[in-house]
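The structure under discussion appears below in the form of structure tokens.
Coordinate-derived values only; no laboratory data. Since the structure is predicted, the reported quantities are computational estimates derived from the model, not experimental observations. In this analysis, Cβ positions are derived from the backbone assuming ideal geometry, glycine residues included, and neighbour counts consider all displayed protein chains.
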Amino acid sequence: MVKIKWSKDSIESLKEICKFIAEDSPYFAKIFRDKIFELVEYLEKFPKLGRKVPEVNDPNVREIIYKNYRIIYQIKEGFLEIIIIIHSSRLLKLH
């Protein structure tokens, strides 16, 4: 099983997305958050579950999609890091 780490950016982006959804529905914001955590848990057993990120030329940078959001992560030595969660309409800029 692979250990999961969340970057500061990924935690902040998830908080912002949930805050935005909660403006209309706190209920659906909670469902969204719970589903994101559930999908990330799958990565512990199946780290290559996601597809390669098209904008990045690195097979270890991958993503899983939930609704209109991209959960972008990187497979590293001994762990997997959630890099960011971003709406699919936004331009992806990884540093």
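Which one of these does ILE4 not meet: (1) in contact with a strand residue (DSSP E or B) (Cβ under 6 Å, 6 or more places away or on another chain); (2) under 23 Å from LEU91 (Cα atoms); (3) not in a loop (DSSP other than H, G, I, E, B)?
Answer for ILE4: the failing condition is (2).
When residues of the stretch 1-25 are filtered for being hydrophobic (A, V, I, L, M, F, W, C) and touching a residue at least 12 places away in the same chain (Cβ under 8 Å), how many remain? Talk me through it step by step, then tell me what you get.
Step one: filter the stretch 1-25 for residues hydrophobic (A, V, I, L, M, F, W, C), giving 1-2, 4, 6, 11, 14, 17-18, 20-22.
This time we only want the ones that are touching a residue at least 12 places away in the same chain (Cβ under 8 Å), so: 1-2, 4, 6, 14, 17-18.
The total comes to 7.
Would you confirm whether or not the stretch 35-47 contains a residue that is over 18 Å from GLU63 (Cβ atoms) and free of Cβ contacts under 8 Å to residues at least 12 places away in the same chain? I'd like the intermediate steps shown before the answer.
Step one: list which residues in the stretch 35-47 are over 18 Å from GLU63 (Cβ atoms), which gives none.
No.
Given the conditions (1) touching a residue at least 40 places away in the same chain (Cβ under 8 Å); (2) farther than 21 Å from PHE20 by Cα, report the number of the one that TYR69 does not fulfil.
In the conditions (1) touching a residue at least 40 places away in the same chain (Cβ under 8 Å); (2) farther than 21 Å from PHE20 by Cα, TYR69 misses (2) alone.
Looking only at the stretch 1-17, count how many residues are farther than 20 Å from TYR42 by Cβ and touching a helix residue (DSSP H, G or I) at 6+ places or on another chain (Cβ under 8 Å). Outline the logic, then answer.
Filtering the stretch 1-17 for residues farther than 20 Å from TYR42 by Cβ gives 8-9, 12, 15-16.
So of that shortlist, the ones also touching a helix residue (DSSP H, G or I) at 6+ places or on another chain (Cβ under 8 Å) come out as none.
So the count comes out to 0.
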